[in-house]
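Just below is one structure, and these are the notes that go with it.
The values are calculated or read from the model by the stated rules, or taken from the named source; none is laboratory data. All of these numbers come straight from a predicted model, not from anything done at the bench. With ideal geometry, Cβ positions are generated from the backbone for all residues, glycine too; neighbour counts draw on all protein chains shown.
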Amino acid sequence: MYYPTTHPWSGDQSLGEHLNERGVSRRDFLEFCGSMCAVLGLSKSMLPSLAAQLEAIKRPSVIWLQLQECTGCVESVLRTAEPTIGDLVLDLVSLDYQHTLMAGAGQAAEKALSDAMAANKGKYVLVVTGSVPLNENGIFLTIGGRTGREILEEAARDAAAVVGVGACAHFGSVQAARPNPTGAVGIRSIITDKPVVILAGCPPIGDVVTATLVHFLTFGRLPQMDSEGRPLFAYGKRIHDQCTRRAHFDAGQYVEVFDDEAARKGWCLYKVGCKGPATFSPCPIFQWNTRTSWPIGAGHPCIGCTEPFFWDTMTPFYGRLPNVAGFGIESKVDVIGAGLAIGATAGVLAHAAATSVYQLRRRRKDEAVAAAAAATGGTTPSERTKED
Amino acid sequence: MAATRVVVDPITRIEGHLRIEAQQDNGRITNAWSTATQFRGIEIIMTGRDPRDAWAFTQRICGVCTVVHAVASCRAVEDALGIRIPPNANLIRNLIHGMQFVQDHVIHFYHLHALDWVDVTSALKADPAATARLAASLSPWPNNSATWFAEVQNRVAKFVASGQLGIFTNGYWGHPAYKLPPEANLMAVAHYLEALDWQRDVIRLHTIFGGKNPHPNFLVGGMASAINLEGTATINAERLTDIRDMITRAQRFVEQVYWPDLQAIASFYKEWAGIGGGVRNYLACGEFPEGNIDELDKMYLPRGIIMDRDLSTVVPYDPSKVAEFITSSWYEYAQGDDAGLHPYEGETKPKYAGPPTPWTYLQQEKKYSWLKSPRYDGKPMEVGPLARMLVAYASGHEEARAVIGDALGRLKVGPAALFSTLGRTAARGAETVLLARRMNTWYDSLVNRIKSGDTQTFTSDKWEPETWPATAQGYGFLDAPRGALGHWVQIADGKISRYQCVVPSTWNAGPRDATGQVGPYEAALTDNHPLVDPQRPIEILRTIHSFDPCIACGVHVLDAEGRTVTEVKVL
C-alpha cells in the first residue's frame, strides 16, 4: 500500500481540522494519540490533554542546520512513516530551512534562513544534524562562506528549543573518532546556555525525531533526558533488556560464528560482539523503517551507535563485550547480565559505571594515539568526556 | 563589458556542502570553480583499526548512498585477505545495492533535481482532467486520475495560500527558464509526493537484510542475515515474499512513473541536450558481479572507458593509471604541489591556504577546494550513470542499447545528445530501468539456490586474524549510483595500516589540476552554458544537479603518513 503525502497543511487550519479534511476520523486520531502516549511513556489519563493540544496547534517554524555530517540523519527522517497519520506528523511543522530538500540555493537559501529566524524569533525549533569542527578556527566546514560554528551559534541564540539529531550532533561521531583530525565536537559543546535534546544514533530512528517534536509541541518543553541529553522515552532502557533474543542469552544459547546453526536459529549475538548490554536505544521497540526489522533482528550484532564515542569505546565491533570492556573472564557474563537487568532510573548510573570501565581502556588506547592527536591539534575522546 | 562574478553557496538539494563560483558574460558562463566546503578526515581515522570494522567507518562517509562505501570496503578487505564470499551473499549484496540505485535515483529525480525543471506554482493553473489525459497518454499508472490531480492541486493551493511555504520558500518560481505546461507541472508535483512514500516503502529491503536504513549492516566474508526457511528470526518465506513485493513495486514505479515522467519533461527541454557536456572522457569500473568478483566479464554493467566521446571504442580500465593532484586543493605533498600520486603512493596533509572566513570570492585563489583532482592517465574523467550507460552502449550491452535507443528515438535525437546536462539525467533514468528489472533476476537466483539447498551466507575460514598474513593489501571497486568508487586497504599485523578512497564526486567535482585542466563540473558549466540572471542561478543548479553531487563522499583524505608501497596489486 502507498500512503501518499499529498496534504500540506495550511496555516489557517488546526491539526484537528486538517485531519478531518484528510479523512482521518476522530477515532483514528485518538488511536494515534494513544500510541503516541505509549511511545512517550505517558499514562492513558494524559490522552485527552495530548489530543486537545495536538489538535489546536498550528505549524511552527523549524530551522534545520546540516553541519559536518553525511546526510544519513536526514534520510532517516525521510523514512518516518506510520500509515495515514505518521506522515502528518512531519507536516506538523513549517520546514523553513533544510538544505537537502529546499528549492532555493545560495543567497535565496540564506535569505530563507535569516527571514525565518527573524519572523519566528524565540519561537522556532532548531534541528541540527552534524558536528562542529573547531580546529583551525573551524575552516573544515563553511556554508555561504561562514564557519559552521558561527552559523550554529547564531541560529541557536533565538531558538525555542534545540534538537540535536544523530551521533554527529551528539559527540562528533565518526569524524571525532581518534585522532579526530578536524577537532569535531557535538553541539552541546557549543550551545551551553539552553537545554539541548540529543536523539542519539548513527543515524537515529526517524520516528524518534517525530515523537520528540510531538512532545515539545504538545507539552511546551523537551522530554526528560539522561546525562547524554537523550530522551528517556526512547533511550531509557538498554537494548539487552528489551532484546527479542534475550531468552537465548539467559539460556546460554549463543551464535559462535556468523551463519552457524545457532545463527540460523536466531540465537544471541553476544559472543560475536553484540554491544546491546551496554547500549541504551529504542531499536528493539520502535524498530526500523516502519517496523520492518532492526540490526539484531537481521542477524548482526549491535555496534552501540547511540552511545558516546562508540567508534572508540565499542570497537572492535566483533569483540566480545566483557573483553572489550575489560571485564575479563567469561564467567562474568552472567554477572554482567544480572547487573544490567535493573530499573531504568538506576540504569543510567549503572551505565555510567560501565562507561567508566570503557574509559580505562580508552585511556590506554589514547596513550598510543596521543602524539597523533597532538600533531593534528585534535582532542581525544577522553579529554572531551572530562570536559563534559 | 566585464564579467559578472557569481557565487552559489550553499548549493542545495545535494548531499554535502558545495560552493560554485562562476563568471557570467552576456548571459553565458565563461568560467567556473567548484569548491567542497567540508572536510572530515575519515581515512586518517582508519589507521590502526580492525579491518573487519572498516565497512562501518567508511559507510559513514555518506548516508545517502548508504551502502556503497560499506560494500567497497568489504570487497577491499576480502581482496586483501583472499576471501571469496558465498554466491548467496553476493546476490544479497546485489539486491541491496540494486535497490540503493533505484531508490536513490528516483529520490534524486523528484526531490533533488525536479524543482530545476518543474515550477510548483504553475501547477496551480493546470486543468486536472487535462493532466489526467496527459498522464494516461504516457503511462498506465493507476493513480493518474483527474480526482487525484485535483486533490493535489487543491492542497498545493492551500499550502501556497497559507504563506508558510516551508522548503519551497524563495524558489525560482516564474523564472523564464521553466518551460513545462501547467499540466506537466501538476503531474510532476503529484509524483513528487507519491515518490516520497514510495522510497520509504521499497528501501525496507535494506532493513530485512541489513537491519536498518540508512546505514544497514554488512559483514566481511558475506552477510550476517542467515537464511533458514524454518526460522522465525531469519530470511524465510515471509521475508522473501516482502522482498519480492518490494522489487515488483520498485520496478512498476520506475517503469510507469519515473521513466515516463523523465522523458516527458525532457521533451520540453531538448535544448539542454546541447548544454553542459563538459569533459569528453567517461570512466566506469563495472558493477553487479554475477559471478565471482574477479570475473570481470560477468559484471552486469560493464567496465571500461570512453575517450574523447568516441563511442566506437571502449578502452580497458587500468586502475594503476589513477592519480590524484592537489595543485588547487587545500593539501600539501612532500614532492610539491604539482605532483600526481597513485592512491597506493598517496599522501595527504591538509593545509588550508584560503582567505579567512567569511569568504567573498575564492576564484582568484590558487587553491580553492577540499577536494583533490583525480585523473586517469592524466585526463579528467566523468563518472556516474552517463559514463556507465555510454560504456554499456558502446560495449553492445543489449538491454542498455534498447532502453537508450528507445528514449533517443522518442526524443528524436542522436547518441551525441547524451553528452549533455539532459543526457546525464536521462542516462540515470535508463540505468534505473535496467536495474529495477535486473533485481528480479538476482532474486530468482537467490530463491533457486535456497530451493537447491544452499543457504550459506558467510565464509568463516578467514574470519579470525590468526588466519591472515602478516601484511596484505587489497582493492575494492564498486560502481556506485554517482559513479566509480575505489577503496584501497593495507593491513599489517591484523590492523589497518593505510586506507584510501577515490570516490565518484571527487572525480566529478574536483578542481583544476597541475596542468590547469578543469574538473567535470567546471567543464560542464562552461560548455555552451547559459546563465540569464545571476541572482536566480537556476541554470547552474540544472547542470550541477545532473551530476547528483555527493560531497561528503568526495571529500576524503589518505593516510597521514604517506608511506610508499612497492607492491602494487591490480585486479
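Against the conditions (1) of a type outside the set (S, T, N, Q); (2) under 25 Å from the mean Cα position of the chain (by Cα); (3) in a loop (DSSP other than H, G, I, E, B), B:Pro176 satisfies every one except (2). Count, please, the residues in the range B:17-58 that happen to be more than 7 Å from chain A (Cβ to nearest Cβ) and in contact (Cβ under 8 Å) with a residue 60 or more places away in the chain. Final tally of qualifying residues: 25. Out of A:His248, A:His215, one residue alone is more than 13 Å from the chain's Cα centre (by Cα), assigned to a helix (DSSP H, G or I) and within 14 Å of another protein chain (Cβ to nearest Cβ). It is A:His248. If we scan the range B:52-73, do we find a residue that is closer than 30 Å to B:Tyr269 by Cα, touching a helix residue (DSSP H, G or I) at 6+ places or on another chain (Cβ under 6 Å) and of a type in the set (Lys, Arg)? So far as the range B:52-73 goes, no, none of its residues is closer than 30 Å to B:Tyr269 by Cα, touching a helix residue (DSSP H, G or I) at 6+ places or on another chain (Cβ under 6 Å) and of a type in the set (Lys, Arg). Apart from one condition, B:Asp119 fits all of (1) within 14 Å of chain A (Cβ to nearest Cβ); (2) out of contact with any Cys (no Cβ under 7 Å at 6 or more places or on another chain); (3) in a helix (DSSP H, G or I); the exception is (3). Residue-level check: of (1) farther than 30 Å from B:Glu290 by Cα; (2) modelled with pLDDT of 95 or more; (3) aliphatic (A, V, I, L, M), B:Leu95 misses just (1).
The single residue among B:Ile404, B:Ile450 that is within 14 Å of chain A (Cβ to nearest Cβ) and either charged (D, E, K, R) or in a helix (DSSP H, G or I) (or both) turns out to be B:Ile450.
If you filter the range A:257-275 down to residues that are touching a Gly at 6+ places or on another chain (Cβ under 8 Å) and without any contact (Cβ under 8 Å) to a residue 40 or more places away in the chain, you find that the one that is farthest from the other protein chains (Cβ to nearest Cβ) is A:Leu269. None of B:Ser225, B:Ser162 is at the interface with chain A (Cβ under 7 Å from one of its Cβ atoms) and either over 27 Å from the mean Cα position of the chain (by Cα) or under 25 Å from B:Ile538 (Cα atoms) (or both) except B:Ser162. Looking only at residues in the range B:1-16 that are in a strand (DSSP E or B) and more than 9 Å from chain A (Cβ to nearest Cβ), the one that is surrounded by the fewest Cβ atoms within 10 Å (Cβ to Cβ) is B:Thr4. So, in the range B:228-248, how many residues would count as being surrounded by 15 or more Cβ atoms within 10 Å (Cβ to Cβ) and at the interface with another protein chain (Cβ under 7 Å from one of its Cβ atoms)? Counting residues in the range B:228-248 that are surrounded by 15 or more Cβ atoms within 10 Å (Cβ to Cβ) and at the interface with another protein chain (Cβ under 7 Å from one of its Cβ atoms) gives 4. Would it be correct to say that B:Gly48 is within 21 Å of A:Leu67 (Cα to Cα) and of a type in the set (Gly, Ala, Ser)? When the stated conditions are applied, B:Gly48 does not pass them. Those helices (runs of 4 or more DSSP H) of the range A:274-367 in which 2 or more residues are at pLDDT 50 or above occupy A:283-286, A:310-313, A:321-325. Entry remark, the range B:491-503: residues being at pLDDT 95 or above and either closer than 10 Å to B:Ser373 by Cα or touching a strand residue (DSSP E or B) at 6+ places or on another chain (Cβ under 7 Å) (or both) number 3 in total.
Residues that are within 18 Å of A:Met102 (Cβ to Cβ) and either touching a strand residue (DSSP E or B) at 6+ places or on another chain (Cβ under 8 Å) or assigned to a loop (DSSP other than H, G, I, E, B) (or both) are absent from the range B:199-218.
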